[in-house]
Structures are given as C-alpha cells and as structure tokens.
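The values are calculated or read from the model by the stated rules, or taken from the named source; none is laboratory data. Since the structure is predicted, the reported quantities are computational estimates derived from the model, not experimental observations. Neighbour counts are summed over all protein chains in view; Cβ atoms, including those assigned to glycine, are modelled from backbone coordinates with ideal geometry. Accessible surface is based on the protein model in full, side chains and every heavy atom, while ligands, DNA and RNA are left aside. Shrake-Rupley method; radii C 1.70, N 1.55, O 1.52, S 1.80 Å.
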Amino acid sequence: MSLMTTSTDPVMTGSDYLRDILRAPIYDVAITSPLQPMARLSARLHNRVQLKREDRQPVHSFKLRGAYNMMAQLSSQQKTAGIITASAGNHAQGVALSGQVLQVQSTIVMPLTTPDIKVDAVRNLGGTVVLHGNNFDEAKAHAMALSEQHNYTFIPPFDHPSIIAGQGTIGMELLQQNSHLDYVFVPVGGGGLAAGISVLLKQLMPNIKVIGVEAADSACLRAALDAGHPTNLTHVGMFADGVAVKRIGDETFRICQTYLDDSITVSSDEICAAVKDIFEDTRAIAEPSGALALAGLKKYVDDHQLKDQQLATILSGANVNFHGLRYVSERCELGEKREGLLAITIPEQQGSFLRLCTQLGGRAVTEFNYRYSDKDKANVFVGIRLQYGQEELETIIDDLQKNNHSVKDLSDNELAKVHIRYMIGGRPSKVLNEHLYSFEFPEYPGALMTFLTTLGTRWNISLFNYRNHGADYGRVLCGFEFDDSESSSFHSHLAQLGYKWKEETNNPAYRFFLAD
C-alpha cells in the first residue's frame, strides 16, 4: 500500500504545514538537538556561526523526525500490515527505529552495494533488511513491488507532507534557540529538510534568509529551478551519498521554489574542508552530506561578503563510512585553498630541487613526486602549503615562470588529484597509441569482470589505476591501445558497458607525467 501524494490530493498551504509541524509528535523518539557555537570558524569568517547538531539524534541524523511523524499517523490497519521503504542510509535507520518504538514491522530494501555497517545498524534497530539491486533506483522499484504484493505502506524518504512536516520541527527549534538569526543554510538532496525548515521560518520570521545548499555533482534543485519543474539528472556523484538524488520531489520542489531565498552549490573539496571545520570546532565527525550546508555557508559568506551576521547551519548526519575519511583528509586543504598542486618542469641537474624550494620562498612543500625520465628536464608534481589562498598560488606560479619554469596549475584537476599523484614516473618504455579514460565502477561483485569481458579482450589495456575511498563506487583510470579509426567502435562498447566514463587523453596531468 503506497501512501504517496497524488495529483488529486488537496494542495497543502503554508498554514497547513505550519499546523502539522507544530503538532508533529516526533519528541517521542527525537531530541531537541543543540545549537552549538563554532568559535574558531566564527572568528575566521567575522560572523557568528552556529551548528544545529542533528548528529546527536538517536540514529545520528535528522531523518528520524520525518519517518516517525509519518509512521505515527498511520491507521491501525496500516500498522498491522507493516511498512516498507528503500534506503541505503539515514532514512533506513530512522524508519527502523520508528518501527521499533511504534511496534510496527519495518522492511527496508537496501542496494547490494550498501556497506555492512549500515546494514547491521538497520538490523540492530529491528528492521528486516532485503538486499536488492545495484543502486537506489533498483532498490526502490523492488520496495514498491513488495508494497503492492504484501499491502505494506511505503514510507518515502522526502516527498510527502508528513515527512516534510517532521523535518520542519528543526526550524521550530532554531527559532526557540536563537530568534535573532539572519541566515539559515540547509542541505538539499530530495528537498524534505529544506522544504520543512523554509516553510516554517518564512511564515514566522520572513526576515530570516533560508539558503539551500547542494553538492555540485547532484544539484537536482538547481536543475529543477532552471527547468521550472523537477527533472532527472543524468548522473549524480556519490561522495555526499546522503544527498545523491537524481530528481527532487514534486512537493518538496513546490515548497522550495516558493520559500527558499537562494541556493548555492559546492564542490567535494569544499565539503571536505567543512568536515574539517566541524571537527576542529566541535570534535564531531560529520558525514559529507552532513557538512554540506556548512560548506555552502562559507562559500556564500565569501561570495556576498557577509559580516557581523548571525548564521545557522545544519549538521544533518554523522553516519560516516570510516574509510571515507582518507579521502576527506587528502582533499580538505584543497577545498580550503590552503594547498596548491603544480606540475613544474625543472632541469635534470643536481641541486634543481633545492633551487626550486628556494624560489618558493620558504613555503612548505607538502608533496613532491618525481622519477627520472629525461636527461635534460624533469616534470615534477609538487604540493605547496598556502596561507592566503588562490592569490598566493597565482603569485607563486608567476614567480616560477619568471625563473624560466614551465608551470601548470593542477589544483582543480580531478584526474591529477585522484590518480596521477600516485602514478608519477609511469611512462611507457615504448611509443604507444594510447587512449586514456576515467571510469566510475559500481562497488558490487563482478563489476571488474564485467569491465574486462566487455572491453579487455579486444583492446590491450596499457594502464590501470584503481582508487576507492569508502564510497559505493570506485574510481578507475585505464589506458587502451587502439588506432584512431577504432574510436567509434570503442565508444559503442563503452555505451554497452553502462559505466560513467570520460576520455582523458588530452588531460594536461596525463600529458605531463604518463604519456609517451
């Protein structure tokens, strides 16, 4: 049994939502999460920054609020029949705990790629886990089929008035904790949290600006705003997996379009920097989507030159995959513009590295990768600690060029940051007609075998580098030998493979360090 809204349902007004938020019985299971000052970041940004600690909820995320609000309102018949949902993360745990408290049998369909820690967490809360499909869409389709088959009520992760109202209780708490806020920054995935908070705040305190924050590689709200209606993204990045949604909800978009004041997108590196900021101020470790809104706050402050304002943001979750912290650690300095990555050509002479460091003016070198490959010159991969951001990096590049060094800024080059820095010196010993491609591999059994049987038996693989940072997909860089005349045939096989890919043959990081 589905409980989704339909086109025939009456449209909820702002006052309807206000009423439902005030009546939401979520404190049977949820806590009033603290609004914690961030002293270090406030001093750095010259604004008062406060962090709404939804990671302190029993399931370490805000998702419990919406799930419990909807499930508490089910009829006795619906509760007896049981409920079902599809989720690989925080919504799953919110539904499982709600089912445990309400004594409602809950079934959660999770993709086969879901890490064991998340599966175990749901089972420990009393949920029945069904592993199905290689992604959320396949898991959701199976959940909907089971809902019809067993007469279960489907509990959606965001696009339902009861879910939105449950999440909106955060907005009510914000006003109770600080009625003098100027801006509130809210993460956006499917839009339930942003819709709930904005519909409450803009009715009670319309002077407060509510800003939605999205990951740049899964900006479904931005796509919907541009199109004028919800639309499917062709691809979503999975680093901030809690907001990796291809299409914003119909009802959540209607509310966000009406009540949000603005929206902003941030990169994965900027999210990593925000994870570090949260840790330094609170010692809490946020999951990437949990730090998303703070990353947007920092960028918005810089873009709009805000000063002496009272700013609040939501730490929406802390169910972090521990192994993903390696990626965060590597990228946070880049996200804060505190590190620059450069490809520099120096003479192949004794003392060249010392002279280069001298020309860097005593700045700390964070990384230096090199292997002999030419008797006259050497291409080196250099990381440099920065104190003043992009302007300082541009000064460094200018000084190096004045000293007759060829320099390429790789600080924003994804290929360089994910793969090349670990492969310096890997030039082939003979001339190859090599074409370079990057792939995103789904992390499920047989993914590599599928790749090799589809592509590897016809074209020689000349380079292979695999990186995974705890996400449900791996990053693969692969070189193939083939004549240019075979490009069309090769690309048709890539389409058959079905993995996201990008040709990198002309990428400057590859040309500098790996090409023949």
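Do we find that V365 is touching a helix residue (DSSP H, G or I) at 6+ places or on another chain (Cβ under 7 Å), over 18 Å from A273 (Cβ atoms) and modelled with pLDDT under 85 in this structure? Spelling it out, V365 is indeed touching a helix residue (DSSP H, G or I) at 6+ places or on another chain (Cβ under 7 Å), over 18 Å from A273 (Cβ atoms) and modelled with pLDDT under 85. Note on segment 59-84: among residues that are closer than 21 Å to P288 by Cβ and out of contact with any His (no Cβ under 6 Å at 6 or more places or on another chain), the one that is surrounded by the fewest Cβ atoms within 10 Å (Cβ to Cβ) is H60.
For V186, the conditions (1) of a type outside the set (D, E); (2) open to solvent by less than 10 Å² (accessible area, probe 1.4 Å); (3) over 22 Å from G249 (Cβ atoms) all hold with the exception of (3). Whether any residue in segment 222-245 is in contact (Cβ under 8 Å) with a residue 60 or more places away in the chain, assigned to a helix (DSSP H, G or I), crowded, with 22+ Cβ neighbours inside 10 Å and of a type in the set (G, A, S) is what I want to check. Looking through segment 222-245, at least one residue is in contact (Cβ under 8 Å) with a residue 60 or more places away in the chain, assigned to a helix (DSSP H, G or I), crowded, with 22+ Cβ neighbours inside 10 Å and of a type in the set (G, A, S). Selection of segment 226-243 for residues being of a type in the set (S, T, Y) and closer than 30 Å to V328 by Cβ yields only T234.
One line per residue, one yes/no per condition, for (1) farther than 18 Å from F253 by Cβ; (2) among the hydroxyl-bearing types (S, T, Y); (3) at pLDDT below 95; (4) over 28 Å from the mean Cα position of the chain (by Cα):
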residue	(1), (2), (3), (4)
M144	yes, no, yes, no
P156	no, no, yes, no
T169	yes, yes, no, no
N178	yes, no, no, yes
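In segment 330-351, the residues that are under 17 Å from F381 (Cα atoms) and assigned to a helix (DSSP H, G or I) form Cβ pairs under 9 Å with partners that are open to solvent by 50 Å² or more (accessible area, probe 1.4 Å) and not charged (D, E, K, R), at six or more places apart or across chains, as follows: E333/T366.
Against the criterion of being modelled with pLDDT of 80 or more and either touching an Asp or Glu at 6+ places or on another chain (Cβ under 8 Å) or more than 30 Å from I346 (Cα to Cα) (or both), F451 does not qualify.
Among the residues in segment 280-287, are any buried (at least 24 other Cβ atoms within 10 Å of the Cβ) and in a helix (DSSP H, G or I)? Within segment 280-287, not a single residue is buried (at least 24 other Cβ atoms within 10 Å of the Cβ) and in a helix (DSSP H, G or I).
For a quick check of your reading of the model, give me the residue pairs whose first member lies in segment 381-394 and is closer than 13 Å to E336 by Cβ, whose second is acidic (D, E), with beta-carbon atoms closer than 8 Å and at least 6 apart or on different chains. Short answer, once both residue conditions are applied: R385/E333; R385/E339; L386/E339; L386/E392; L393/D409. Do we find a residue being assigned to a helix (DSSP H, G or I), more than 20 Å from the chain's Cα centre (by Cα), touching a residue at least 12 places away in the same chain (Cβ under 8 Å) and surrounded by 14 or more Cβ atoms within 10 Å (Cβ to Cβ) anywhere in segment 305-326? No: zero hits. Annotation for segment 268-288: at least one member residue is over 16 Å from D182 (Cβ atoms) and of a type in the set (S, T, N, Q). State which residue pairs qualify: first residue touching a residue at least 40 places away in the same chain (Cβ under 8 Å) and inside segment 112-127, second residue open to solvent by 30 Å² or more (accessible area, probe 1.4 Å) and acidic (D, E) in any location, beta carbons under 7 Å apart, and separation of 6 or more residues or different chains. Here the result reads T113/E443; T113/D472, each pair linking segment 112-127 to a residue that is open to solvent by 30 Å² or more (accessible area, probe 1.4 Å) and acidic (D, E).
Would you please name the residue that is surrounded by the most Cβ atoms within 10 Å (Cβ to Cβ), looking only at residues in segment 202-220 that are in contact with a Ser or Thr (Cβ under 6 Å, 6 or more places away or on another chain) and over 19 Å from T169 (Cα atoms)?
E214
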